[in-house]
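This report concerns only the one structure given below.
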Amino acid sequence: MPVTFETTRSAADNFFAPPLADRPSAAVLLNHRTQSSTTIDGWAAVVFGLPFMGIGAFIFWMIPRAAAHSKHAPDWIGQLIAGMFFLAGAFVFLHGVRGVIRKAIYNRDAAQRPGEPWLYDHHWRREGVAFSAFDDMLKRLVAAVLWNAFLIPFAWVGITQRGAWPFLAAVAIFGLLGLIFWFRWAQMLFDFLRYGNSFLTYDQFPYSLGGTLTARLRIPHHISLIDELTLTLRCVEEKYVTTGTGQNRTSKVVCYELYGESVTLDRERLNGLIAGEIPVSFKIPADQPATTLIAAPPTYWEIEAKGQTRGANYESVFLVPVYKTS
């Protein structure tokens, strides 16, 4: 039977992010997958990304043209730094372009079909949504590689320059922290190899606030190894939170849990579903916000599946189209 739980803030929540003005009890979801790639969107992201691309391109252009006596590091160090500047700028720039195009398409379709946001708010598949454990694993691998690439220039300074041991010490410390990326990547790889990709089939499209959400979850492999599977329906609101002042200001994407309800299936119930699909059913409250994935930052509904095993735990997250339909 589904169990609704109150979202309450903890001391850790207060440390990581301030409370929402309209939902002061909303808990912070740490290490949660975000729909927002950055804390800047649209034309602002386009403008913000251009200087970084320009700096990277300029460094690339200057390296072969600089006099040998003016170089204090090998060309490959400069090329690595230039690449990081250019790629970071290109990521933000393309993110902004994509946001501008999406918003224009949304405004056009909203004018043609007002009152039906599920048709243009997001690229929904009416039959359901897939969770790619492979994509999840690949993203973590890229993050681990980029983290190590960022540390390489500092390591070179620490090794080759006299008296630069603080650089080497810093690289060692941050390198050890980077092991978290590699450890998490290994977990995700094992998860993918054991369970494969998953799919949540919608029984209807869209789901309505105040209605019932029914769906079917298919885990391709080794469902019999799961001792306990917890399914959670959750409403998430993302916010761009800025902390610090002046030059020490930093911005981050914070996920707040506005609503949550869970149901747990034990091994006995799962064993009867080895050859089939896992039924999912939740009552959707009418007093919660609807999905607005086009917004920056967005609000959305998701179903999270977490399986406990004696080996690699199963984990997947699926967006679900919950809207006000009348």
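Side notes on the structure shown:
- Residue tally, condition within 25 Å of the chain's Cα centre (by Cα) and modelled with pLDDT under 85, over region 210-225: 3
- Considering residues of region 211-238 that are of a type in the set (Gly, Ala, Ser) and open to solvent by less than 30 Å² (accessible area, probe 1.4 Å) only, the residue farthest from Pro19 (Cα to Cα): Ala215
- The criterion of at least 2 residues that are more than 18 Å from the chain's Cα centre (by Cα) and not small (Gly, Ala, Ser) is met, among strands (runs of 3 or more DSSP E) falling completely within region 231-318, by 250-266, 278-283.
- One residue from Tyr207, Tyr195 being of a type in the set (Ser, Thr, Tyr), out of contact with any helix residue (DSSP H, G or I) (no Cβ under 6 Å at 6 or more places or on another chain) and modelled with pLDDT of 90 or more: Tyr207
- The criterion of being farther than 26 Å from Cys255 by Cβ, in contact (Cβ under 8 Å) with a residue 12 or more places away in the chain, open to solvent by 60 Å² or more (accessible area, probe 1.4 Å) and not in a loop (DSSP other than H, G, I, E, B) holds for Phe86.
- Breaking point among (1) outside any loop (DSSP other than H, G, I, E, B); (2) of a type in the set (Ser, Thr, Tyr); (3) at pLDDT 90 or above, for Ser36: (1)
- Neighbours by Cβ (under 9 Å, 6+ apart or cross-chain): first from region 105-120, over 15 Å from Leu293 (Cβ atoms); second in a helix (DSSP H, G or I) and open to solvent by 30 Å² or more (accessible area, probe 1.4 Å): Arg113/Leu119
- Selection over region 208-230 of residues that are without any contact (Cβ under 8 Å) to a residue 60 or more places away in the chain, in contact with a Gly (Cβ under 8 Å, 6 or more places away or on another chain) and among the small types (Gly, Ala, Ser) gives a count of 0.
- The condition (being farther than 30 Å from Phe183 by Cβ and either open to solvent by 60 Å² or more (accessible area, probe 1.4 Å) or touching a residue at least 60 places away in the same chain (Cβ under 8 Å) (or both)) is satisfied by just one residue among Val100, Val47: Val47.
- From Leu265, Leu233, Leu270, Leu258, residue being without any contact (Cβ under 8 Å) to a residue 40 or more places away in the chain and not hydroxyl-bearing (Ser, Thr, Tyr): Leu265
- So Val129, is it closer than 30 Å to Met188 by Cα, open to solvent by less than 40 Å² (accessible area, probe 1.4 Å) and not in a helix (DSSP H, G or I): yes
- Total residues in region 160-201, condition outside any helix (DSSP H, G or I), open to solvent by less than 50 Å² (accessible area, probe 1.4 Å) and under 30 Å from Leu217 (Cβ atoms): 4
- Just one of (1) at pLDDT 90 or above; (2) open to solvent by 40 Å² or more (accessible area, probe 1.4 Å); (3) among the hydroxyl-bearing types (Ser, Thr, Tyr) fails for Tyr120. It is (2).
The values are calculated or read from the model by the stated rules, or taken from the named source; none is laboratory data. Not measured: the values here are computed from a predicted model. FYI the Cβ positions are ideal-geometry reconstructions off the backbone, even for glycines, and counts take in every protein chain you see. Heads up: the accessible areas ignore ligands, DNA and RNA and are worked out on the full protein's heavy atoms, side chains in. Shrake-Rupley method; radii C 1.70, N 1.55, O 1.52, S 1.80 Å.
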